[in-house]
Amino acid sequence: MSNTSRMTVNVISLNTPFPPNYGGVIDIFYLIKALKRLGVKIILHSFEYERPRASELQSLCAETYYYKRQTGIAANLSLLPYNVVGRRDPQLLKHLLENEHPIIFESLHSCYFMNAPQLNGRLKIFRPGNIEHDYYQFLAKACRNPISKTFHRLEAWKFKQYEHVLKSANIIVPISETDTAYMQTAFPNSTIQFIPAFHANESVKSCPGIGNFILYHAKLSVHENEQIALFLTEKIFSKLRETCVIAGMNPSQRIRQAISTYPNIQLEANPDSDRMEKLIKEAHIHILPTFQPTGLKLKLLNSLFEGRHIIANRPMLAGSGLDELCHIADTSQEILHVCRQLMQQPFSTEEIEQRRQRLIPFYTSSFQARELIRLISVHTSA
């Protein structure tokens, strides 16, 4: 890619993409890092929401702009999704008009100006982390609070109506094969290519042998992940003799109370990146269930690149193409059976080699960044 040193792109991030410690911002951060490594200049436009500005982004980006996300009742009084209306800062449009470079819109949340007349003629790339209306429908089903349930149902409906804005996108790069098939049907006039999640690993670092604990890791403040942690505590971990670890950001009091009943279950609250990497590498089994077959889960890729045995349910693997690298179990009885079986089974060098064959190079960030650059180059030279 000899011309990448002359390429500049705008990246609109729905949140500050540092530290890269949960799904959406991990994908954005390592996209930026991979493009930078290939000589692409990044103009980052980042909305601030519950995360501070990050000086670490200055070394990766040629320019960095921050915008305040609007929240509260006023942002709900619109037919547009709450998560889109809150990211409509006119300063963003002003800064986008100061150059002619391609624009990468990260998720529908960042697409308020996707079809702005002032941006007609600009090359627009859309990166969906999932199909938003499906995602919010699943969130609604998981909610017990009637107000939250109503909000998520309404947001799902709004996102479904709003999705037509993607007719303005020239290139769509979904994160899973399932989402790719959906986008190809919904937007046949766009160039659509499956590009898996960007992440930290360029090589398989899994260790052979046996670990002495079972791990579930997630952003625990997310309602679905809280429900999974509670499910695992009650239905799986409480019935095992082995040490079981639940690790992640901001665990609720419900999780803390549930875990406190069982001496074999440990909570690792808010581990830093080094500690999380150590847990992922040293665990013997990673349990990766999800209730939502949307997007491609970054924890799956991280565990495949760094961890040992993986037990996943079918919704976790949906659209990943990685079923053969995991032990599939859907019910609590199936998960328990596979856990007991695998705790006696060392992770082999043959299994590590199988992962290398399947994951390298297609699931590495450097490969995917080159593919994205190629797509942009084809459109800019057309």
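Only the coordinates and a few stated rules stand behind these numbers; no lab work does. Keep in mind that what you see is a predicted model, and the values were worked out from it rather than measured. All Cβ positions, even for glycine, are placed from backbone atoms using ideal geometry, and neighbour counts span all protein chains on display.
Peptides 259-265, 232-238, 37-43, ordered by how many other C-beta atoms sit within 10 Å of their residues on average, highest first, read 232-238, 37-43, 259-265.
May I ask you to order 8-16, 105-113, 149-157, 274-282 by the average number of other C-beta atoms within 10 Å around their residues, highest value first?
On the way: 8-16: 23.1, 105-113: 24.7, 149-157: 17.1, 274-282: 15.4.
So the order, starting with the most tightly packed, is 105-113, 8-16, 149-157, 274-282.
For the range 167-303, a simple Cβ point-charge model (Lys and Arg +1, Asp and Glu -1, everything else neutral) yields a dipole of about 220 debye relative to the Cα centre. Roughly what angle does helix 146-162 make with the longest principal axis of the chain, taking Cα atoms, 0 to 90 degrees, to the nearest 10? That works out to roughly 40 degrees.
Arranged by the count of other C-beta atoms within 10 angstrom, fewest first, what order do 84, 378, 204 take? Present the calculation step by step, with values, prior to reporting the outcome.
Details: 84 24, 378 11, 204 19.
Arranged by neighbour count, lowest to highest, 84, 378, 204 become 378, 204, 84.
For the chain, modelled as a GNM whose springs connect Cα atoms under 10 angstrom apart, the maximal fluctuation among 285, 73, 28 occurs at 73. Among 176, 366, 348, the residue with the largest mean-square fluctuation in a Gaussian network model of the chain, with springs joining Cα atoms closer than 10 Å, is 348.
Please identify, among 121, 129, 86, the residue showing maximal mean-square fluctuation in a Gaussian network model of the chain using a 10 angstrom Cα cutoff. In the Gaussian network model the winner is 121.
What do you get for the angle between helix 349-359 and the principal long axis of the chain? Use alpha-carbon atoms, 0 to 90 degrees, nearest ten. Relative to the chain, helix 349-359 is tipped by roughly 20 degrees. In percent, what relative contact order does the chain have, based on Cα pairs under 8 Å that are 6 or more apart in sequence? Worked out over the chain, it gives 15 percent.
Over all directions, the projected convex hull of the C-alpha atoms in the range 67-212 averages 12.7 nm² in area.
Our estimate of slack between residue 70 and residue 48, defined as 0.36 nm per intervening residue step minus the Cα-Cα distance, is 7.0 nm.
Based on Cβ point charges of +1 for Lys and Arg and -1 for Asp and Glu, what charge dipole magnitude is obtained for the chain about its Cα centre, in debye rounded to the nearest 20?
Numbers: 42 positive and 34 negative charges, 117 e Å.
That gives the chain a dipole magnitude of about 560 debye.
Under the 0.36 nm per residue contour assumption, what length would be gained going from the current alpha-carbon distance of residue 358 and residue 88 to full extension? Can you show the working numbers first?
Details: separation 270, 0.36 × 270 = 97.20 nm, distance 4.10 nm.
Working it through step by step, the gained length comes to 93.1 nm.
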